[in-house]
Amino acid sequence: MKQMIRHRLPSRFAPVAFSFYMASLVCILLCLALTAYNTGAGSGYAWRVIKAYAVAWPVAFMGVLLMRPLVVRLVGWTVAPPGR
């Protein structure tokens, strides 16, 4: 059996990878919900979601990337470390 080779980013890119995935998932959920709310889920819904996603994703990605350090700090202030 062939061994599968996995290419991974160096660990220093973890904040960027986290921001990419978080922005992608939250953005698609919000685009799905808000497009249905604002224009209905009828004809052309998928196309409207894709157009909204194309506009919203860069904003979401930059927002998560820039706000991540603040959120990490806020979580550190509000959540006890393990074992306490």
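Hey, among the residues in the stretch 1-31 that are over 16 Å from LEU65 (Cα atoms) and either among the charged types (D, E, K, R) or within 10 Å of the chain's Cα centre (by Cα) (or both), which one's surrounded by the most Cβ atoms within 10 Å (Cβ to Cβ)? My answer is ILE28. Within the stretch 61-72, residues that are touching a residue at least 24 places away in the same chain (Cβ under 8 Å) and in a helix (DSSP H, G or I) reach partners that are surrounded by 11 or more Cβ atoms within 10 Å (Cβ to Cβ) and of a type outside the set (Gly, Ala, Ser) with beta carbons closer than 6 Å, at six or more positions or on different chains, in the pairs VAL64/MET22; ARG68/PRO15. Annotation: LEU34 fulfils all but one of (1) farther than 26 Å from LEU9 by Cα; (2) at pLDDT below 95; (3) open to solvent by 70 Å² or more (accessible area, probe 1.4 Å); the unmet one is (2).
The values are calculated or read from the model by the stated rules, or taken from the named source; none is laboratory data. Note that this is a predicted model, so its numbers are computed, not measured. Counting neighbours? That spans all protein chains shown, and the Cβs are built from the backbone with ideal geometry, glycine included. With ligands, DNA and RNA removed, areas are computed over all heavy atoms of the protein, side chains included. Shrake-Rupley method; radii C 1.70, N 1.55, O 1.52, S 1.80 Å.
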